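Colleague: Got a structure for you, questions after.
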Amino acid sequence: MTFIREGIRDITQFDEPDLLLFQQALTGRQIGKGQFLMQPGDTCRHIHFLQTGLLRSFYLKEEEERTIAFSLENSFCTDLKSLRSGQPSEIAIQALEPSVLLSISKSDLIRLYQQSHQIEAFGRRLLETLLEEQEEYLSWFRLYSAKERYDFMLQKHPGLLQRISLGQLASYLGIRRETLSRIRGLRS
């Protein structure tokens, strides 16, 4: 539970009784490499905290996977659109490595909001943080070139590049593998 304490602390502070209340609502889960946490058509009903492992969120469009996010250790993951609307998801979330997760259902989280203002503040701040991450990713494509997006990935998540395939990285950066190879060649 140390990991979740750190993940929560990155977002807000909990008093010990509220932290224990929150932890009691969590369920643990392990998924293997290649397994799906969620597939298109599923309705997202949980927020997940990734203790160990690596997850990838992606769309399937015209038989091509388009990666939109990587979730690293000690981070939260969900399909925010499906979670909020209750509509079927358009994305898949897949483990790229064996992963250990702690999950809380939307219904349990809402129930906890009634019991704790700190948990309510945490939930609101968490959703804001997840939305900010989505907006930051979308702004990349309006503001930065493919090379600048690659350089940003190297700077922000240098270890991630050894854990994902070139195809997944190219998809995330919104470029073709050949373009990624050219960009990488320029750095050598």
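Each reported figure results from applying straightforward, stated rules to the coordinates on display, with no laboratory input. Predicted model only: the values in this text are computed from it and were never measured. Note: ideal-geometry Cβ built from the backbone for every residue, glycine included; neighbour counts use all protein chains shown.
Colleague: Roughly how many nanometres apart are two label points built 7 Å out from the Cα toward the Cβ at residue 11 and residue 181?
Modeller: In this crude spin-label approximation the distance works out to 4.1 nm.
Colleague: Most mobile of 66, 125, 45 per a Gaussian network model of the chain (Cα springs, under 10 Å)?
Modeller: Of the options given, 125 has the highest mean-square fluctuation.
Colleague: Based on the Cβ-Cβ distance from residue 152 to residue 110, what FRET efficiency comes out when R0 is 35 Å, to the nearest 0.05?
Modeller: The computed FRET efficiency comes out at 0.45.
Colleague: Can you give the FRET efficiency for residue 165 and residue 43, using 1/(1 + (r/R0)^6), R0 = 30 Å, r = Cβ-Cβ distance, to the nearest 0.05? Let's see the in-between values first.
Modeller: Details: r = 29 Å, r/R0 = 0.96.
With R0 = 30 Å, the Cβ-Cβ based efficiency is 0.55.
Colleague: Another one. What shape does segment 58-99 take by its C-alpha gyration tensor, where a ≥ b ≥ c are the square roots of the eigenvalues and a/c under 1.5 counts as rounded, a/b above b/c as prolate, and the rest as oblate? Intermediate results must be reported in sequence, preceding the final value.
Modeller: Details: a/c = 2.40, a/b = 1.12, b/c = 2.15.
Oblate shape, in that a/c is at least 1.5 and b/c is the bigger or equal ratio.
Colleague: For residue 68 and residue 144, calculate 0.36 nm times their separation in residues minus their Cα-Cα distance, and state this gained length in nm to one decimal.
Modeller: Values: separation 76, 0.36 × 76 = 27.36 nm, distance 1.61 nm.
Result for the pair: 25.8 nm of gain on full extension.
Colleague: Going by a ≥ b ≥ c, the root eigenvalues of the Cα gyration tensor, does the chain fall in the rounded group (a/c under 1.5), the prolate group (a/b larger than b/c) or the oblate group? Walk me through the intermediate numbers first.
Modeller: Numbers: a/c = 2.00, a/b = 1.79, b/c = 1.12.
The shape class here is prolate.
Colleague: I would also like to ask the following. Out of the chymotrypsin sites (Phe, Trp or Tyr not before Pro) in segment 112-188, which ones are loop residues according to DSSP with at most 14 other C-beta atoms within 10 Å?
Modeller: Values: sites: 113, 122, 137, 140, 141, 144, 150, 152, 172; in loops: 144.
Filter output for segment 112-188: 144.
Colleague: Same structure, new question: Just from its helices, what would the mean residue ellipticity at 222 nm be for the chain, if runs of 4 or more DSSP H residues each count -39500 (n - 2.57) and the sum is divided by every residue, rounded to the nearest 500 deg cm²/dmol? Can you show the working numbers first?
Modeller: Working: 8 runs with 90 residues, N = 188.
Taking each H run of at least 4 residues, the total per residue is -14500 deg cm²/dmol.
Colleague: Please tell me the relative contact order of the chain in percent, rounded to the nearest whole number, where contacts are Cα pairs under 8 Å and at least six residues apart.
Modeller: Once normalised by length, the contact order is 25 percent.
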